[in-house]
Each structure stands twice: as C-alpha cells, then as structure tokens.
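None of the figures in this text is laboratory data; all of them are computed from the coordinates on show. Everything numeric in this text was worked out from a predicted model, so none of it was measured. Cβ atoms come from the backbone with ideal geometry, glycine included; neighbour counts cover every protein chain shown.
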Amino acid sequence: MIKPGFGYLFPKTIYINNCIYELKSWFKGWDNFVKRFLFEDAFKILDLNKKDYFLEIGPGGSLAFSVEASKKSKMVYCIDSCKNIPTYLKNRRKPENLNFVLGNCNKLPFANNFFDKIFISDVIPVLKNPKKCISEIFRVLKTGGLILTINGNNYPLLEEVWKEQEMEDFIIKINKKSKNKITANFYLKKNIKLHQTQSNFYKNPKKAIDVLLKSFRFCEIKHVFRVSSVSEKFICRLLIKNLANNGDWGFGENQMQYFNELKNLESKNSHELNSGLFLISSAKKR
Ligand SMILES: C[S@@+](CC[C@H](N)C(=O)[O-])C[C@H]1O[C@@H](n2cnc3c(N)ncnc32)[C@H](O)[C@@H]1O
C-alpha cells in the first residue's frame, strides 16, 4: 500500500481556508506515482542509516525524496538550480537535518570525501556536460561511498499505445481541444523540450550511464531495469487519458490507486527485465 504523506512538508502556518487543501496534499503525498514506485527500489539500494551523510542532486520542486531520506539519515543535503525551491521552503517546516542549496551540480559546494551516499534521479539526461557532474560526485563521495542514479527513456511504447483502438475516443478529444493535431511524436518531443533533455541520451540510456561511470574509478557497477512493457503501456494510457481530460499530462488525483495497480502489474511482469522504462544504476567509489 502507498504511504500517505510521502515527501510532504507541513506549512509553517495553517489557515482555515487552506487546511482542507493541506490535509489532502498530506494524504496524497508526492503526486508522481511512477517515481514513488521507483523510489522504493532506491531506498532499498541506498539502505540509509543514522550515520549517513546523504546528497540528492536535482530533487525538483517538492524535494520529496530528500524529505523522506532525512527521516533515515544523519544529514541530508540537496542541490538544485531551480530558483522556485527556496520560496517553497520558506513557507514550509523543514526537518533540521535537511539542507537545501541553490546551485549547480557541475560545481558542488562541498568538501572532498564528504558524503556516504549520493542520489541523482533524471538529472543526468538534462545536463549538457554530465561528465563534469559525475566528476564532482566522485570528488565529494567518500571512498567506498555509493552513487545511485535513476533515468527514464521517454516512453518508447507511447506511439504503439496511441494507435490502440481503445485510445481513439481520447485522442479525438485531445485533438478537438488543441489547435494542432497532437500525435504521439508531438507529445514525446514536447516532453524532451519540457525537461530540456539531451535527446541523444535516449538512444541507449544504459550505455550512456555505463560509459559515464566507467570514466571514473567507480566499481561494482550494477544496472537494473524497472517498469516492464505491460506497465509502460498502462502508464501511457493514463497519460493519454489525462491529456484528453485535463489538457496536461499530470497523473491527477487518483495516483494512489494507480500506484497500487502499477505495483500489482510489476509483481507479475518484471522478472529480470533486460529493458524497461527506467534504468536504476548503482556503483561504489573505489
Ligand atoms: C527532470 S527534473 C528531475 C526531478 C526529480 N529528481 C525527479 O526524479 O523527479 C531535473 C531537475 O534537475 C535540476 N537541474 C537541472 N540542471 C541542473 C544543474 N546544472 N544543477 C542543479 N540542478 C539541475 C532541475 O532544476 C530539476 O529540478
């Protein structure tokens, strides 16, 4: 079962007019059910303990993963270049051991050999010079420390799902709302643009990450694929339906139900995947 409150930070002040909204937000937790599913794997691999100095690079607006990590580690730092995050944090009750730094991951403002564990999810594909970031990670990681990275590959089955008979009604609805006829390819390109992803990365994410890690003295490099084709199609259908109903590709209110459906599908279909929608890679500093 999905845990309510995942990654949620209470506001400093609760007014009568926002308390229902905050209660709902607490209950729902971070509203990205696909990432929450992957982050269960991430927590298992990281195996955080109360002595750990932990760094998350590019946590995104809600800092959800870092918030959860702060419950299990000694000290958590996160760094992101997004200027909206300090404004969000100003109004929230932040755990004492959670530190946010506004900055660039190509120039980490930390001492050498400072962290036990470093996590970076879906940031490497957006960087123009990912090697610089990995060299910085290598520098600030202790010897024997762990790097864990999760990277997606932009829904390769979306075009297939788009052509399914069942999707026809929704696609008609999307195209009625939009001035331009929206195709799967339009969606995929827009997704790349939105996150400013280096589209070359998607040609072979595993090779891209493997080459990066092997450029430095990382050892015990492991790659695990997650989200099988069956689940990927399930997610694609949800994306198309949301695009038709809400005009955007967020997963909306029902994400807790979706999370459980995804877990169920994956338990039946994800045995030793050789490919998948996401790649989880880990390595240690030699
Ligand atoms: C696609 S989002 C991923 C967010 C989150 N980690 C997740 O998995 O959902 C990429 C994040 O990386 C941050 N980012 C991009 N370039 C960066 C840089 N050079 N230094 C620090 N953060 C960066 C962005 O601001 C954004 O929050």
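For segment 98-233, the fraction of alpha-carbon pairs lying more than 25 Å apart is 41 percent, rounded to a whole number. Based on Cα contacts under 8 Å between residues 6+ apart, the chain shows a relative contact order of 21 percent. Around the amide H of Arg92, modelled in the peptide plane, lie the amide H atoms of Lys12, all under 5 Å away and 5 or more residues distant in sequence or on another chain. Note on segment 46-119: Cα Rg divided by 2.2 N^0.38 Å, N the number of residues, gives 1.03.
Restricting the trypsin sites (Lys or Arg not before Pro) of segment 149-249 to loop positions (DSSP other than H, G, I, E, B) with no more than 15 neighbouring Cβ atoms within 10 Å leaves Lys163, Lys179, Lys181, Arg217.
Across the chain the C-alpha pair distances fall into 10 Å bins from zero in the proportions 6, 26, 34, 25, 8, 1 percent.
If you bin all the Cα-Cα distances of segment 110-174 at 5 Å, starting from zero, the percentages per bin are 4, 14, 17, 14, 10, 7, 8, 7, 7, 6, 5, 0.
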